[in-house]
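> Next up is a structure, given as structure tokens.
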Amino acid sequence: MNLYLKDPQARIDHEIDWSAYLAGQHVTGSLWHVSPVEAGGVVVEADAFEELRTSVRLSGGAAGRLYAVTNRVTLSDGQEDERSVQIRVEER
């Protein structure tokens with residue numbers, strides 16, 4: 001799991017390139033989830049996907065906290081997969 005730093009006031013996009021995992025398939029659906037869900041925590045502002053990659057815009061977060069951001073995708077053959085990254089919020 002990758003670790004990224006984020007300022008509490010930053011609105012930043014993150015991307016996952018799924019091409020190495022698809023074996024001829026493509027992404028047909030994408031959902032993002034942040035854990036823990038808490039007041040003032042990191043939230044998903046917007047998300048998008050293309051055939052080989054997904055993206056999310058994150059905002060907020062409490063300084064000193066660690067959040068797991070998970071992307072669950074549906075593939076063209078109906079299979080589902082997910083990847084997670086960690087976001088550490090720090091004043092920068």
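> Listed highest first by mean packing, meaning other Cβ atoms within 10 Å per residue, what order do 56-67, 13-24 come in?
The most tightly packed comes first, giving 56-67, 13-24.
> If amide H atoms are built 1.01 Å from N in the plane of the peptide, which residues on other chains or at least 5 residues away come under 5 Å of the amide H of LEU22?
Those lying under 5 Å, H to H, from LEU22: there are none.
> A further question follows. Residues with amide H under 5 Å of THR28's amide H, sequence separation 5 or more or different chain, H placed in the peptide plane at 1.01 Å from N; which?
Amide H neighbours of THR28, under 5 Å, 5+ apart: THR74, LEU75, SER76.
> What order do GLU51, GLU38 take when sorted by accessible area (1.4 Å probe), most exposed first?
Largest accessible area first, the list is GLU51, GLU38.
> Further question on the same structure: In a Debye calculation with equal point scatterers on the alpha-carbon sites of the chain and no solvent, what is log10 I(q)/I(0) at q = 0.17, 0.22 Å⁻¹?
-0.68, -1.01
The values are calculated or read from the model by the stated rules, or taken from the named source; none is laboratory data. Worth saying up front: this structure is predicted, and the values here are computed from it rather than measured. Please note: Cβ atoms are built from the backbone with ideal geometry, for glycine as well, and neighbour counts cover all protein chains shown. Side chains included, ligands, DNA and RNA excluded: accessible areas come from the protein's heavy atoms. Shrake-Rupley method; radii C 1.70, N 1.55, O 1.52, S 1.80 Å.
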